[in-house]
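The values are calculated or read from the model by the stated rules, or taken from the named source; none is laboratory data. What you are looking at is a predicted structure, and each value in this text was computed from that prediction instead of being measured. Every residue, glycine as well, gets a Cβ built from its backbone with ideal geometry; the counts of neighbours run over all protein chains shown.
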Amino acid sequence: MKYLLEKGLSEKEGSMALTAQQVQEILADEFLNPNTPEGLLYRVFFQIATNFACRGGEHYSLCVDQFHSLPNGSLIFRRYHSKNNQYGIEGGSAQDIHLPSISEAITDINKYLSKRPSGAPKNFYLQVNPLWRESGVWYKKHIVEGNFMKDIGKSVKVDPPPGILTNHSGRKTVAQILQDTDVPEDAIMGVTGHKSVQGIRAYKEVNEKQHLASMNTLIHAIEPSKSLILGDSTNTNTIDTPVEFFSDDTIQKKVPIFNNCHFNNVTFKL
């Protein structure tokens with residue numbers, strides 16, 4: 001297992017978000033097998049990244065006392081510090097994220113905590129003990145740092161491949177999945193720790209329909225001789241918006257020739 005020494009505390013440009021389907025496929029991959037110390041370490045990292053929207057560098061400051069189990073089986077994650085949520089660990093307030101008891105992540109996190117050796121530092125992530133089979137001790141009393149998400153991206157078998165993953169990808173994944181499911185922006189901020197809606201909107205992904213509409217507008221502007229295509233050219237489409245044509249002597253008044261008319265499978269050449 002290769003651990004990178006660089007902390008990479010700043011966000012890396014080009015890190016991508018995962019879809020909900022890719023998250024499910026990664027969790028089902030053997031690389032994240034919770035029955036081995038290495039697999040459990042990666043699995044817990046991935047669960048924390050995709051449930052609590054931790055920034056890349058935030059993973060390195062995680063401590064065991066940020067996780068609190070409740071009698072009803074749910075879990076509280078207490079975020080003390082992130083770039084967008086500047087709370088002090090000592091003497092400051094914190095942002096609590098409540099994970100419902102139905103979450104599989106709780107089982108993984110609790111198992112990892114139970115495998116930590118007594119006397120280990122409060123830092124959350126510990127090195128794997130290479131002699132775990134012989135000793136029964138899964139982890140050493142030494143902290144570990146690395147680009148776990150990059151390792152996951154290289155090792156799992158997901159179709160399509162996840163592309164460029166960094167430790168910050170979990171944060172992007174959470175923001176985009178919640179936006180795609182129409183969760184209110186203020187509720188998303190309660191998970192990601194952003195302090196403004198502008199920060200949330202920066203993660204918003206343009207969907208395919210919006211992308212197609214934008215490209216049609218661009219093509220129609222720079223190639224006016226082309227017909228306006230609203231979808232697949234093999235389909236019959238209806239233009240619901242008014243189509244306006246202007247002659248030279250009416251250009252100042254901008255009086256439309258056609259208004260409130262519907263056209264099916266018609267090509268207009270200007």
Might you let me know whether the stretch 114-134 holds any residue that is out of contact with any Ser or Thr (no Cβ under 9 Å at 6 or more places or on another chain), at pLDDT below 95 and not in a loop (DSSP other than H, G, I, E, B)? no
Residues of the stretch 168-225 being among the acidic types (Asp, Glu), at pLDDT below 70 and not in a helix (DSSP H, G or I), which ones? Glu205
Within the stretch 28-51, can you find the residues that are touching a residue at least 40 places away in the same chain (Cβ under 8 Å) and of a type in the set (A, V, I, L, M, F, W, C)? Phe31, Leu32, Leu40, Leu41, Val44, Phe45, Phe46, Ile48, Ala49
How many of the residues in the stretch 102-151 are polar (S, T, N, Q), surrounded by fewer than 20 Cβ atoms within 10 Å (Cβ to Cβ) and within 22 Å of the chain's Cα centre (by Cα)? 2
Here's a check for you: in the stretch 25-73, which residue that is of a type in the set (Gly, Ala, Ser) and more than 19 Å from Val144 (Cα to Cα) is surrounded by the most Cβ atoms within 10 Å (Cβ to Cβ)? Ala53
